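To start, the structure itself, in structure tokens.
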Amino acid sequence: MKTMVATIFLVVMLCLVCVAESAETPSKQERWQKLWDTAERMTNTLEGHAYERQWLAVQNSFWPAIAQKCMPELKKEHVGSFRAILVIDDTGRITDFLPSQDSEAIRCFKNSMMGRKYPKPPDSPFYEGLVVKSH
């Protein structure tokens, strides 16, 4: 009987721990929003503004080709816009592209951006927010 009571107690405690952990775990959207906020903080500094100027010069050199390739599908999917967080490592390479939503067209943008090389950022990882509009 003691063993059964101890087992039931252990199961109840494990369930309570699981419920408590899941209540404290932020959702995917909450984690994404935190990274977006971090990107905004990083770019709203003197170093961040200077880096964005360098970053945009590189971005503008290849963005038209990406837009030409991926934008028709984005319009066909009726995605008016989306946001993405670019994760840039200490060498300036994009190591992750975290979109606010998912679709085939957005995956086209992601696949086209992964591994792209930018100037070395002031901090690493550096989070750069990107807004893509289809109109």
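Here, each number is a calculation from the coordinates, and none is a lab measurement. All figures in this text were calculated on a predicted structure; none of them were measured in a lab. Because the Cβ atoms are built from the backbone with ideal geometry, glycine has one as well, and the counts that use them run over all protein chains shown.
Observations
- Cross-link partners of K75 among lysines, defined as those whose alpha carbon lies under 18 angstrom from its own and excluding same-chain residues fewer than eight positions apart: K110, K133.
- What separates the Cα centres of segment 79-99 and segment 44-77 is a distance of 10 Å.
- For segment 27-133, a simple Cβ point-charge model (Lys and Arg +1, Asp and Glu -1, everything else neutral) yields a dipole of about 300 debye relative to the Cα centre.
- Within-14-Å neighbourhood charge of P119 [Cβ basis; K, R +1; D, E -1]: -1
- Reciprocal of mean inverse Cα separation for segment 80-135 (Kirkwood radius, Å): 11.5
- Long-range Cα-Cα pairs in segment 27-133 (distance over 24 Å), rounded percent: 21
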